[in-house]
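Reviewing the structure listed below.
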Amino acid sequence: MTLMTGKEYRESLSERKPLKIYLLGEKIENPVEHPIIRSSINSVALTYELAQDPKYKDLMTTKSSLTGNTINRFCHIHQSTEDLMKKVKMLRLLGQKCGTCFQRCVGMDALNAVYLTSFDIDKKYNTNYHQRFKEYVKMVQDKDFVIDGCMTDPKGDRGKRPSQQKDKDVFFHLVERKEDGVIVRGAKAHQTGAVNSHEHLVMPTLTMRNEEKSFTICCAISADAEGVSYYYGRQSCDLRWLDQCEEGRIDCGNQFGGQECLVVFDDVFVPNERVFMNGETDFCGRLVASFAGYHRQSYGGCKVGVGDVLIGAAATAAEYNGVEKASHIRDKITEMIHLNETLYSCGMACSACGEKTPSGNYLIDIMLANVCKQNVTRFPFEIARLLQDIAGGLFVTCPSAKELKNPETRKIIEKYLAGAEGIDTVNRIKIMRLVENLVIGRAAVGYLTESMHGAGSPQAQRIMISRLANLEEKKKLAKSLAQINED
Ligand code: SF4
Ligand code: FE
């Protein structure tokens with residue numbers, strides 16, 4: 001099998017050995033049926049469902065460079081700049097369809113980053129990580145798996161290096177080396193889609209020093225491996241999902257959600273064939289920068305797709321309020337479009353300027369990918385501000401959907417919350433709830449907080465931008481034009 005359907009994906013999650021998941025004080029036995037978790041599974045399932053739709057085949061599927069089989073693009077090793085651009089277009093499409101984080105991109109980004117880094121390590125150290133990794137990728141492609149790209153360690157005291165921490169476990173590390181594998185321990189924080197994944201691809205979280213070899217480990221761990229547990233993150237408005245009535249669904253905003261977890265690895269055994277880096281500290285920088293670069297490119301797609309939904313919600317709210325022709329409303333919507341398309345331009349530019357790596361896959365232009373993500377830390381906030389401006393305050397003052405169930409209260413609501421003539425009041429409420437979800441609810445976690453901190457907080461991009469800028473060259477340009485000769 002190389003392409004699962006959405007239904008098969010859901011079934012494959014249930015086929016895993018029981019996971020240890022903690023959510024709201026409970027150990028969750030069946031995540032697939034849990035009302036809070038289910039919405040996040042709906043988002044990932046879309047990556048399978050759209051791959052089955054002939055309309056989206058060109059974006060959602062491709063030919064594997066390793067087996068020649070048709071595979072989901074989320075499992076692909078990029079073979080050209082066209083592949084990189086199609087990735088951005090695919091992520092925009094998915095953002096448009098679910099209006100939140102669909103979680104599967106971190107795995108695609110990790111696969112490509114480990115692919116190119118394992119090749120470089122082998123070249124220097126004569127190891128066989130790359131061949132091992134190719135076999136692993138073939139398995140992932142063949143099974144159409146969701147991979148959780150695991151990079152962010154909890155980090156403890158930020159002023160100290162991994163080896164200086166009082167509790168070393170705040171950085172993922174090697175505990176013991178055995179003949180047939182390794183034992184690892186630690187945790188990964190803010191893991192997008194962790195419970196909805198089949199595998200974790202664990203990478204070091206930062207550039208390591210020579211004495212930090214035990215923290216320099218990259219390996220694959222099954223989601224249901226012995227010793228792995230999950231601490232499910234709360235999201236704003238997540239309890240709305242416990243309300244199952246049809247009217248209650250209006251209050252949820254939409255049926256899709258994101259997911260973040262703290263994943264703990266407690267003395268997990270990893271067989272040698274699943275280890276792709278083990279102590280080669282000089283390659284941590286390459287792995288971290290390429291993974292972060294790929295993921296910073298991703299944001300130029302997914303956030304743009306969600307941005308399209310915000311723009312659509314703004315235009316619809318304006319229409320329902322009867323103000324769509326007002327010149328200031330039109331101008332604000334134009335500004336939202338301009339900001340959103342600027343992000344898309346960045347995503348496409350870093351893809352178009354990508355280059356082939358020695359391993360054969362394609363890497364985005366790292367400078368432009370960092371500029372892309374730096375803009376993503378700002379523009380969605382302005383887009384969300386304009387949406388709130390246009391929607392009006394009703395998106396936070398609207399009575400509950402249950403009031404629509406009672407004929408007496410419904411009558412009052414329909415009378416006093418009516419908008420433009422001919423507009424159904426319930427539709428007006430629905431769009432307000434979507435706005436709430438996008439700017440302060442569950443989807444805001446994906447659209448705003450993730451835009452700020454996902455794929456690295458703003459300062460991480462500024463460091464890369466200043467490092468890659470080659471200021472000395474720019475000074476030479478200026479001096480040459482000013483006819484300054486200092487030799
Ligand atoms: Fe994908 Fe965007 Fe979610 Fe990252 S934030 S996993 S790029 S949808
Ligand atoms: Fe993210």
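Before moving on, here are some points about what is shown:
- With all protein chains in place and ligands, DNA and RNA left out, the 1.4 Å accessible area ranks Tyr232, Tyr9 as Tyr232, Tyr9, largest first.
- The largest-to-smallest principal axis extents of the Cα set in segment 78-188 are 45, 36, 25 Å.
- Shape of segment 6-280, Cα gyration tensor, a/c cut at 1.5: oblate
- Calculated [θ] (222 nm, deg cm²/dmol) that DSSP helices of n ≥ 4 give over the chain, each run adding -39,500 (n - 2.57): -15500 deg cm²/dmol
- Between segment 81-130 and segment 169-184, the alpha-carbon centres lie 25 Å apart.
- In range of the label at Arg209: residues from segment 250-286 whose backbone nitrogen is under 17 Å from the point 7 Å along Cα→Cβ: 280-285
- Fraction of accessible area attributable to carbon and sulfur, segment 6-280 (%, probe 1.4 Å): 47
- Whole-percent P(r), the chain, all Cα pairs, 10 Å bins from 0: 4, 19, 28, 25, 14, 7, 2, 0, 0.
- Protein-only accessible surface order, largest first, of Thr5, Thr425 at 1.4 Å: Thr5, Thr425
- Amide H within-cut-off set for Asp148, under 5 Å, with H built and near neighbours excluded: His198, Glu199, His200, Leu201
- Calculated FRET efficiency, Lys57 to Ala469, Cβ-Cβ distance, R0 = 41 Å: about 0.55 to the nearest 0.05.
- With at most 16 other Cβ atoms within 10 Å, longest stretch of the chain clear of loop trypsin sites (Lys or Arg not before Pro) (DSSP): 17-154
- Note: relative contact order over segment 388-487, using C-alpha pairs below 8 Å and six or more positions apart, is 20 percent.
- With DNA, RNA and ligands ignored, accessible area of Ser400 (1.4 Å probe; Å², nearest 10): 40
- Estimated vicinal HN-Hα couplings, Hz - segment 262-277 in sequence order (Karplus 6.51, -1.76, 1.60; Gly, Pro = x): 8, 10, 10, 10, 9, 6, 8, 7, 10, x, 3, 5, 10, 9, 10, 5
- Between Phe172 and Ala187, the built amide H atoms are under 5 Å apart, and every one of these is 5 or more places off in sequence or on another chain.
- Segment 205-258-segment 42-72 distance, computed between alpha-carbon centres (Å): 24
- Mean separation of Cα contacts under 8 Å (6+ apart) over length of segment 94-157, as relative contact order %: 40
- Across segment 287-469, C-alpha contacts under 8 Å between residues 6 or more apart give a mean separation that, scaled by the residue count, equals a relative contact order of 31 percent.
- Evaluating 6.51 cos²θ - 1.76 cosθ + 1.60 at θ = phi - 60° for every residue in segment 251-261, the Karplus couplings come out as 5, 6, x, 6, 8, 10, x, x, 7, 9, 9 Hz, glycine and proline recorded as x.
- Long-range HN-HN contacts of Ala420 with modeled amide H, under 5 Å: Asn321, Gly322
- Phi to ³J(HN,Hα) by Karplus 6.51 cos²θ - 1.76 cosθ + 1.60 over segment 187-199, Hz, x for Gly, Pro: 8, 10, 9, 6, 7, 5, x, 4, 6, 8, 9, 9, 9
The values are calculated or read from the model by the stated rules, or taken from the named source; none is laboratory data. Note that the structure is a prediction, hence the values are computed from the model and not measured. For neighbour counting, all protein chains shown are included, and Cβ atoms are generated from backbone atoms with ideal geometry for every residue, glycine included. With ligands, DNA and RNA removed, areas are computed over all heavy atoms of the protein, side chains included. Shrake-Rupley method; radii C 1.70, N 1.55, O 1.52, S 1.80 Å.
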